[in-house]
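Heads up: the structure comes next, in C-alpha cells.
The values are calculated or read from the model by the stated rules, or taken from the named source; none is laboratory data. What you are looking at is a predicted structure, and each value in this text was computed from that prediction instead of being measured. Here the Cβ positions follow ideal geometry from the backbone for every residue, glycine too, while neighbour counts run over all protein chains shown. The area values use the complete protein model at the heavy-atom level, side chains included, leaving out ligands, DNA and RNA. Shrake-Rupley method; radii C 1.70, N 1.55, O 1.52, S 1.80 Å.
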Amino acid sequence: MWTSGPSRVAIIGGGITGLAACYYTAKRYPHANVTLFERSNRLGGLIDSRFVQLDNGGTTVCEMGPRTLRANAPHTNLSLEIRELGLECELVFTPNSDPMASKRYIYYPDHLVPIPVANLSKSIVNIPAPDRLTLHRTWALLKLLGTEPVFQGLLSGICRGLFAHRPEEHEEDDSIGGLLTRRFGKSAADNLGSAVIHGLFAGDLYKLSARALMPGLWALDGRLPFRFDADMPIEPWRASENSWLQTIRKGPAGELERRLFLDASLFSFANGVAQLTERLAETIHCMKNVDVVKDVAVTSISRTGNGIHTQHRRENSPTDPVRAQPAANGYPFSHIISTTSLPITMGLLERGQFRAHPNFSTMNHVPVMTVALYYATANLNHPHRGFGYLLPQTLSHDQNPENALGVIFDSDKIVNQDNTPGTRICVMLGGHHWSSLSRLPTEEEGICRAKALLKRHLGIMEEPVRVITRLEREAIPQYQVGHFDVLRKAHELLKEYDGRMRVAGNCYHGIGVHDCLFGARRVVEDLHEEGRTGLEYYS
Ligand SMILES: Cc1cc2nc3c(=O)[nH]c(=O)nc-3n(C[C@H](O)[C@H](O)[C@H](O)COP(=O)(O)OP(=O)(O)OC[C@H]3O[C@@H](n4cnc5c(N)ncnc54)[C@H](O)[C@@H]3O)c2cc1C
C-alpha cells in the first residue's frame with residue numbers, strides 16, 4: 001500500500017472546479033507542488049463573461065455560461081473566498097425584496113404565464129422561488145391555477161398524489177418525470193415540471209434521476225402517504241454533506257455569509273461571474289507552489305511504484321503567457337485530481353480499460369447554444385418584467401421550431417452591470433432537443449432562431465445592436481436514472497489507485513457553480529487521507 005501524503009499534485013481542467021481545487025490545495029498543503037493542466041488557452045471553462053463596449057460609448061456584460069449565483073443554494077460556501085480574493089466590493093445583488101427576483105414565467109401557447117412557486121417548495125426541491133405567500137397572493141394563485149390551461153389538473157393531481165405509494169421498482173431511483181407524475185399528475189409534470197427542468201438541466205425529465213437531482217422531493221416521495229412514526233429519511237451522502245457544511249458555516253465563513261447575503265436572492269460580480277475565475281487564476285498564478293500549464297491536454301494516466309504519471313498532448317500551441325512550461329511526460333505526481341467530465345476521466349485511465357464501460361457512457365452531456373442580444377431600447381420585455389421564462393417539453397415542433405429551452409431577462413435580473421439604458425436578453429437553445437442531431441445549428445442559424453422567437457413571443461421587432469453566441473457541445477452533464485450506481489461503480493474503479501486519483505466537478509455533486517466549489521473543497525480537504533476518490537459518499 002502506498003502511503004505518501006500530497007507532495008506533487010496534478011489538477012486536470014481549468015474550469016471553476018480545477019481553479020478552486022488548485023487554490024485550495026496550494027493553500028492547504030503549502031509544501032506540495034501543484035500543476036494545473038488546461039487543454040485550451042483560456043481558464044474558466046464554462047464560465048465566460050464577455051465585457052462588451054457599445055457604439056454609444058456604454059458597456060455591458062454578456063454571460064455565455066452561468067449568469068448569476070444563488071445566495072441561498074444548499075452548497076453555498078464561497079464567502080471566505082470572496083473576501084480572500086478581494087471580491088467583496090465587486091459583488092452585485094438581486095435582493096429578496098426585489099419583485100424581479102421572484103417573477104418567472106412559463107410560455108404556454110401562446111402567452112407567458114407567471115409561475116406561482118411559493119417558498120415552501122424551495123426547501124423541498126431547491127428551486128429558486130419567490131418569498132411570501134400572503135392572503136392576496138394566495139387568492140391570485142388560486143385564480144391563476146383555476147383559469148390557466150397550463151395548470152389544468154394540477155390541484156386534483158396533488159390530491160391524488162398525496163395518497164400514492166412509491167412503487168417497489170422505484171425504491172432505488174426514478175425519473176423526475178415519473179416522480180412528478182405520481183405526485184402532481186401527468187399534465188403538471190409535462191407542462192410545468194419539464195419547463196423547470198429545461199431551466200435547470202436542459203434535459204428530458206423522463207430520463208433524469210429524481211434521487212440525484214431532487215433529493216428533498218425524493219425523500220418526501222418515500223414518506224408519502226404520510227407516516228408520523230419516523231423522521232423524514234435523509235440519504236447518508238446528504239447527511240454527510242450537511243454536517244460538513246455546518247462545520248464550515250459555524251466559523252467565520254458562516255458569519256460572513258450571513259452578512260454578505262442578508263436579504264440577497266442572487267448575486268454576481270460587477271464584471272460578471274468570470275470575475276471569480278479570473279481572480280482565482282490571478283491568485284494561483286502568484287502562488288509560489290503552483291504551475292499553470294495551458295494548451296496542454298492530459299491524454300492518459302498511469303501508475304508506477306513511485307507515483308502516478310500523466311501523458312500530455314500540446315494543443316494549438318500558441319505562446320503560453322503563463323510562467324510554467326508543461327512538465328515532461330512521465331513526471332510523477334503523488335495525487336491527481338481530475339475535474340473533467342466522468343467519461344473523459346475514465347477514458348484517461350490506463351489501458352483504456354474503463355473507456356468502454358457502458359455505465360459511464362450513460363452520463364452524456366447535452367449541447368446548449370447561448371444567444372445574448374443587446375437592444376438599445378430599455379424595457380423591451382415590458383410588461384413581462386422579471387427573471388425570464390421557460391418553455392415546456394410538450395410544445396409541438398410548430399410551437400417551438402427554434403428548440404428553445406428558455407429566455408432570460410438579463411437586464412432585469414442583475415442591475416448595475418450596464419452603464420447605458422437598454423435591454424439585455426439571452427435565449428438558450430438546444431439541450432436534449434439536440435442530443436440526437438448529427439449536425440448542430442450554426443451560430444448564424446442560432447441568431448436567426450433567437451430573433452424569430454423574441455419577435456413571436458414578446459413582439460420585439462427592433463434589431464439588436466450587439467449579438468454574441470456560444471455553442472457548447474458538452475454543456476450540461478445529464479444525471480440519468482441510476483446515477484448513484486454509476487458513481488458507485490466509478491468509486492470502485494478509482495479505489496484501485498489507492499487514493500492517488502480523485503475526481504471533482506459538475507458530474508458528481510451537482511451541476512451548479514456552488515456545487516463545483518463544494519466538490520473541489522471537499523476533495524482537497526481529504527487529500528492527505530488514503531484510499532479516497534472524491535466519491536466515497538456514494539458508495
Ligand atoms: C449555458 C450554461 C448556463 C449555466 N448557468 C448556470 C447558472 O446560472 N448558475 C450555476 O450555478 N451554474 C450554471 N451552469 C453550470 C456551471 O457553469 C458549470 O457546471 C460549471 O461551470 C462547471 O465547471 P467545471 O470546472 O466543473 O467544468 P468546466 O467549466 O467544463 O471545466 C472543465 C475544464 O477542463 C478542461 N479539460 C477537459 N479535458 C481536459 C484534458 N484532457 N486535459 C486538460 N484539460 C481538460 C476543459 O477545457 C475545461 O476548461 C451553467 C452551465 C451552462 C453551460
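Could you please find all residues in the stretch 42-59 being near the ligand (Cβ under 10 Å from one of its atoms) and either assigned to a loop (DSSP other than H, G, I, E, B) or over 29 Å from Val465 (Cβ atoms) (or both)?
Step one: filter the stretch 42-59 for residues near the ligand (Cβ under 10 Å from one of its atoms), giving 42-48.
Of everything in the stretch 42-59, those that are near the ligand (Cβ under 10 Å from one of its atoms) and either assigned to a loop (DSSP other than H, G, I, E, B) or over 29 Å from Val465 (Cβ atoms) (or both) turn out to be Arg42, Leu43, Gly45, Leu46, Ile47, Asp48.
Could you check the stretch 28-39 and list, in sequence order, the residues that are more than 6 Å from the ligand (Cβ to nearest atom) and open to solvent by less than 10 Å² (accessible area, probe 1.4 Å)? Reasoning before the result, please.
At the first step, the residues of the stretch 28-39 found to be more than 6 Å from the ligand (Cβ to nearest atom) are 28-36.
Correct list: Ala32, Val34, Leu36.
Return the only residue of Asn416, Asn403 being farther than 20 Å from Val273 by Cβ and either charged (D, E, K, R) or open to solvent by 10 Å² or more (accessible area, probe 1.4 Å) (or both).
Checking each option against the conditions leaves just Asn403.
For the stretch 60-98, which positions are away from the ligand (no atom under 16 Å from the Cβ) and open to solvent by 20 Å² or more (accessible area, probe 1.4 Å)?
Leu80, Arg83, Glu84, Gly86, Glu88, Cys89, Glu90, Pro95, Asn96, Ser97, Asp98
Open to solvent by 10 Å² or more (accessible area, probe 1.4 Å), touching a Gly at 6+ places or on another chain (Cβ under 7 Å), of a type in the set (D, E, K, R) and not in a helix (DSSP H, G or I): does that describe Arg532?
Taking the combined requirement at face value, the residue satisfies it.
Mind checking which residues of the stretch 428-452 are surrounded by 22 or more Cβ atoms within 10 Å (Cβ to Cβ) and touching an Asp or Glu at 6+ places or on another chain (Cβ under 8 Å)?
Leu429, His432, Ala450
Of the numbered conditions (1) more than 30 Å from Asn403 (Cα to Cα); (2) among the β-branched types (Val, Ile, Thr); (3) open to solvent by 20 Å² or more (accessible area, probe 1.4 Å), Val196 fails exactly one; give the number of that condition.
(1)
Have a look at Val467, Val486 and point out the one that is among the hydrophobic types (A, V, I, L, M, F, W, C), more than 15 Å from the ligand (Cβ to nearest atom) and open to solvent by 30 Å² or more (accessible area, probe 1.4 Å). It would help to see each step written out before you state the result.
Numbers: Val486 fails: open to solvent by 30 Å² or more (accessible area, probe 1.4 Å).
Unique residue meeting the criteria: Val467.
Being crowded, with 24+ Cβ neighbours inside 10 Å and either over 29 Å from Leu266 (Cα atoms) or in contact with a Pro (Cβ under 7 Å, 6 or more places away or on another chain) (or both) is true for just one of Leu494, Leu517. Which residue is that?
Every option except Leu494 fails the conditions.
Of (1) closer than 30 Å to Thr147 by Cβ; (2) within 16 Å of the ligand (Cβ to nearest atom), Tyr108 satisfies all except one. Which?
Among (1) closer than 30 Å to Thr147 by Cβ; (2) within 16 Å of the ligand (Cβ to nearest atom), Tyr108 violates only (2).
Scan the stretch 250-309 residue by residue and report those that are assigned to a strand (DSSP E or B), farther than 18 Å from Glu84 by Cα, more than 14 Å from the ligand (Cβ to nearest atom) and touching a residue at least 60 places away in the same chain (Cβ under 8 Å).
Ala264, Arg303, Gly307, Ile308
Residue-by-condition table, conditions (1) out of contact with any helix residue (DSSP H, G or I) (no Cβ under 9 Å at 6 or more places or on another chain); (2) open to solvent by 50 Å² or more (accessible area, probe 1.4 Å); (3) farther than 20 Å from Leu276 by Cα; (4) at pLDDT below 95:
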position	(1), (2), (3), (4)
Thr3	yes, yes, yes, yes
Pro6	no, no, yes, yes
Thr17	no, no, no, no
Ala26	no, no, no, no
Gly45	no, no, no, no
